[in-house]
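Structure first, commentary second.
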Amino acid sequence: MTKNDVLVQQNQRLHENIGEHIGFEMGAKMVKDYYDSFGENSCHFVGRNIIEKILAQPDCIGINMYKALNAKSEQTYVFVGVDNRGKAILEYTVVNDNGTLSKEIGMVANKFLPPEPGEGWFEWSF
């Protein structure tokens, strides 16, 4: 798959303030409703450093999270930085130390840690 194969809908309503704190009760209800509807629920852990690297890219206002399968056919996610036009940040221009311009490859992240029961992760209980 090439970057030309990835289609991202342009959405002018995208901005860095999308998202809100919903509180524990609403979060627990939403997770339980999903579990009740589909009979399964899982989470994946992603570290702060890769999220900060994605958000630090020029013009990045947020992250799209795509459900995906890894090489072992396990559910995971792919994170991609998005600009205010809704376009995935797959490359960007930087100024080198000598003043010339060059292209950097945008961050497309995976390698999340799936949960292991009993490892001290927060678990929703139903």
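The values are calculated or read from the model by the stated rules, or taken from the named source; none is laboratory data. Please read all numbers here as calculations on a predicted model, not as lab measurements. Please note that ligands, DNA and RNA were not included when accessible areas were found on the heavy atoms of the full protein model with its side chains. Shrake-Rupley method; radii C 1.70, N 1.55, O 1.52, S 1.80 Å.
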ask   = How much accessible area does Y66 have with a 1.4 Å probe, in Å² rounded to the nearest 10?
value = 80
task = Determine the share of segment 11-87's accessible area contributed by carbon and sulfur atoms, expressed in whole percent, with a 1.4 angstrom probe.
result = 55
message = Can you list residues from other chains, or at least 5 along the same chain, whose modelled amide H is less than 5 Å from the amide H of I89?
response = G81, V82, D83
key: Accessible area in the full protein assembly, largest first, 1.4 Å probe, for I105, I63, I89   = I105, I63, I89
request  = Keeping all protein chains in position, work out how much accessible area S73 exposes to a 1.4 Å probe, and write it in Å² to the nearest 10.
outcome  = 90
query = Can you run phi through the Karplus equation (6.51, -1.76, 1.60; θ = phi - 60°) for segment 46-61 and list ³J(HN,Hα) in whole Hz, with x for Gly and Pro?
reply = 10, x, 4, 4, 6, 5, 5, 5, 5, 5, 7, 5, x, 6, 6, 10
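Per residue, what accessible area does segment 55-112 have, given a 1.4 Å probe and all protein chains present, in Å²? Walk me through the numbers on the way to the answer.
On the way: 3870 Å² over 58 residues.
Solvent-accessible surface per residue comes out at 67 Å².
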query = What accessible surface, in Å², does a 1.4 Å probe find on F45, ignoring ligands, DNA and RNA and rounding to the nearest 10?
reply = 110
